[in-house]
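All of the numbers you see were taken from the coordinates with simple rules; none came from a lab. No experiment lies behind these values; they were computed from the predicted model shown. Cβ coordinates were reconstructed from backbone atoms using ideal geometry, including for glycine residues, and neighbour counts include every protein chain displayed.
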Amino acid sequence: MKNYLIPVFVATGFLLIYITAIFVNLNTAIILFLFSLSPLILIWMVFKVLKAEVETPFTFDDRWYEDQ
């Protein structure tokens, strides 16, 4: 698996756990703790994705809008 996909999966799993905790009505302290961790996980994910060494054969002039 590519190194930049691991943070995406972790952040998505964390989001699912957080939403489940809200719907199940867990203790408010647990929900607030998860909420306070969420910016750190999001920043970690964004940093890893932006720093990933992914090379594309296209230039900006070739495909400036890539929706395929």
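Remarks
- Of the residues Ile43, Ile31, the single one that is touching a helix residue (DSSP H, G or I) at 6+ places or on another chain (Cβ under 8 Å), surrounded by 10 or more Cβ atoms within 10 Å (Cβ to Cβ) and not in a loop (DSSP other than H, G, I, E, B) is Ile31.
- Beta carbons closer than 8 Å, at least 6 apart along the sequence or on distinct chains, pair a first residue in segment 14-33 that is closer than 17 Å to Met45 by Cβ with a second that is surrounded by 13 or more Cβ atoms within 10 Å (Cβ to Cβ) and among the β-branched types (Val, Ile, Thr) for Phe14/Ile41; Tyr18/Ile31.
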